[in-house]
Amino acid sequence: MSCACAIGQALQQHGDTITITNAQKQTIDKTTFVVYTVCFQEQVVKRRYSDFDSFRTALTRLYPDVLVPPIPEKHSLSEYTQQVHGKDDQPMIDKRKRMLQRFLLRLAKHPRLCHEHLFHRFLEHSVSWSEVELPPASIDKLPSMHDLKEPNSRFADMETAAEKHADLANTRVDRSQRKALRRMRDLSSDYAELGAAYHMLSQNEADGQIAGAMERISMAADTTCGKTKHMVHELEVSFAEHMQEYAQYTLIAKQVLRYRHAKHAQLELIGVSLTNKKSMLHDLLQTETKAMQIENAMNNNNDTSSSSHSPPLSSSPPLSAHRPTLSAHQPHEHETDPNFDDDDDDHDDDTRSVEDGFSAIEVSPSSPSDPSMTEYPSSLTASAIRASRDRYRKWSSPRKLFNAVSYTLQGMIDVDPEATRRNQINKLKESVAQLEKDQVRVRQELKDISQTIEQELEVFQRQRANDLRTMMIAFAKMHLQFCEENVTTWQKAREQVDEIQTESC
């Protein structure tokens, strides 16, 4: 989607005019850093390397399926050590300046990233980058390690090729190139020492011809020293930097393909979870159907039995008719028991329960002043009454009441498996519906990501071919020029050496 801001519109026509004109050191609160001056049209903005780093990180979060151009790597420990010891770090600053400018130019040429408003704000002089709200890290955690059951053969080949290119570019080519440049610097220093040694030797030589030839060799060695330094610089600017960017691009392509692999793995895991949930739901629904069939059959049997064998309800005598009445004037058994403890009479209301041993007691709704209406079973003894009251006294405190509620709930769960099963069925239906939505969403995301990555890799392949061709031509030309200039210098030294006349033996 195109951004309608002024900078976004200007990038469409003048994106190739972005330049970094200056890089200066600044010190704030005893902290030294480099500020890069970025110029685009009328916009002149100063950004630190940390600003470039956070900006690129934000782009990778917004576009995980895009090959976001690389920026120069952070200083290594050895480079920091060189700065601490006072060595010149201007070449490193110049290198970063060139690579950061190429980073901005690549963003301006990218068909999607050039429209990103965050890029436009990075180029706007009135925006303080520390106040810009950057996108947070994604909360969508993708599986990092998962072997695909049905991998896409095309992307599998891409992943294998990216792995090989990244290994070659980062561990062999780049390392060998760094080593060659380091040895060429050492060779330049050696030629400088060699030229100085021949110069001193020529000063101590009495023979004029020999002294002149030695001086000529000294000049040729000095020339080779200078040409070698120049070639090392040109190789760093025109070859080594581009090779490092190419190596970084291979790692970026590898990360993008890994992201696509993780998204595919997420889709497969959703499918596995959905299959398991549907299987569990199917089993529970079958169990529910069988339970309903059994319940209907039992209800039909009960209806048939009650209609053919049950006596009239009016013929059933009341239950109280079979219980003897204990008169209030008749002494209770516990009154004659010396071991009966009468201190718990005030807990009668707390200890009365459905599960109490006093459940056999029936309290008449008539006036409580009539003691003859309270009936007890004839077999009830004082010891049974005391045991029952001691057992159910535990419900008299809040903590014990909570235990009672927990016990009741547990009993409800255990006693009513049908309700538990129905709850599980409802939850599984919700999970299946959500997983089906996620499956559709992730499948579409995977399709879009695959198309974008294919386009990005095609562009990268064309860019890679052009970059490698340019680098190889520059590499060969620099060596040819170096060799031609050195051949001319050493041929002149050879001619002067040949002029030395020697006496025949």
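The values are calculated or read from the model by the stated rules, or taken from the named source; none is laboratory data. Computed from a predicted structure; not experimentally measured. Reconstructed Cβ throughout: ideal geometry from the backbone, glycine too, with neighbour counts over all protein chains shown. Remember, those area values only see protein heavy atoms, side chains included, never the ligands or the DNA or RNA. Shrake-Rupley method; radii C 1.70, N 1.55, O 1.52, S 1.80 Å.
Computed quantities for the displayed model
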{"item": "Test result for Ala291, in contact with a Lys or Arg (Cβ under 8 Å, 6 or more places away or on another chain) and exposed (fewer than 15 other Cβ atoms within 10 Å of the Cβ)", "result": "yes"}
{"item": "Condition met for Ser238 (within 46 Å of the chain's Cα centre (by Cα), part of a helix (DSSP H, G or I) and of a type outside the set (A, V, I, L, M))", "result": "yes"}
{"item": "Matching residues, region 5-15, being exposed (fewer than 13 other Cβ atoms within 10 Å of the Cβ) and either closer than 13 Å to Cys39 by Cβ or in contact with a Lys or Arg (Cβ under 7 Å, 6 or more places away or on another chain) (or both)", "result": "His14"}
{"item": "Region 189-216: number of residues that are open to solvent by 60 Å² or more (accessible area, probe 1.4 Å), touching a residue at least 40 places away in the same chain (Cβ under 8 Å) and among the aliphatic types (A, V, I, L, M)", "result": "0"}
{"item": "Lys164 vs. criteria more than 28 Å from His242 (Cβ to Cβ) and of a type outside the set (A, V, I, L, M)", "result": "no"}
{"item": "Unmet criterion (only one of (1) in contact (Cβ under 8 Å) with a residue 12 or more places away in the chain; (2) assigned to a loop (DSSP other than H, G, I, E, B); (3) of a type outside the set (A, V, I, L, M, F, W, C)) for Asp147", "result": "(1)"}
{"item": "Condition met for Met145 (open to solvent by 40 Å² or more (accessible area, probe 1.4 Å), over 30 Å from Ala220 (Cβ atoms), touching a helix residue (DSSP H, G or I) at 6+ places or on another chain (Cβ under 9 Å) and not β-branched (Val, Ile, Thr))", "result": "yes"}
{"item": "Test: residue in region 166-186 that is farther than 26 Å from Phe475 by Cβ, of a type outside the set (Asp, Glu) and assigned to a helix (DSSP H, G or I)", "result": "no"}
{"item": "Criterion (at pLDDT 90 or above and open to solvent by 50 Å² or more (accessible area, probe 1.4 Å)) met by exactly one of Ser50, Ser54", "result": "Ser50"}
{"item": "Single residue of Gln463, Gln455 found to be part of a helix (DSSP H, G or I), at pLDDT below 90 and either surrounded by 11 or more Cβ atoms within 10 Å (Cβ to Cβ) or of a type in the set (S, T, N, Q) (or both)", "result": "Gln463"}
{"item": "Residue selected from region 487-505 under the condition within 20 Å of Ala211 (Cβ to Cβ) and either open to solvent by less than 80 Å² (accessible area, probe 1.4 Å) or in contact with a Ser or Thr (Cβ under 6 Å, 6 or more places away or on another chain) (or both), by the criterion modelled with the lowest pLDDT", "result": "Ile500"}
{"item": "Hits in region 150-188 (condition: closer than 23 Å to Met471 by Cβ, polar (S, T, N, Q) and without any contact (Cβ under 8 Å) to a residue 24 or more places away in the chain)", "result": "Thr171, Ser176"}
{"item": "Cβ pairs under 6 Å, 6+ apart, first in region 1-25 and in a strand (DSSP E or B), second open to solvent by 70 Å² or more (accessible area, probe 1.4 Å)", "result": "Lys25/Thr32"}
{"item": "Members of region 246-261 that are surrounded by fewer than 19 Cβ atoms within 10 Å (Cβ to Cβ) and in contact with a Pro (Cβ under 6 Å, 6 or more places away or on another chain)", "result": "Tyr259"}
{"item": "Residue under evaluation Ser128, criteria (1) more than 25 Å from Thr452 (Cα to Cα); (2) modelled with pLDDT of 90 or more; (3) surrounded by 13 or more Cβ atoms within 10 Å (Cβ to Cβ); (4) polar (S, T, N, Q), criterion not met", "result": "(3)"}
{"item": "Hey, Gln24 open to solvent by 10 Å² or more (accessible area, probe 1.4 Å), in contact with a strand residue (DSSP E or B) (Cβ under 6 Å, 6 or more places away or on another chain) and over 20 Å from Ser126 (Cβ atoms) or not", "result": "yes"}
{"item": "Among (1) open to solvent by 70 Å² or more (accessible area, probe 1.4 Å); (2) touching an Asp or Glu at 6+ places or on another chain (Cβ under 9 Å), the one test that Met219 misses", "result": "(2)"}
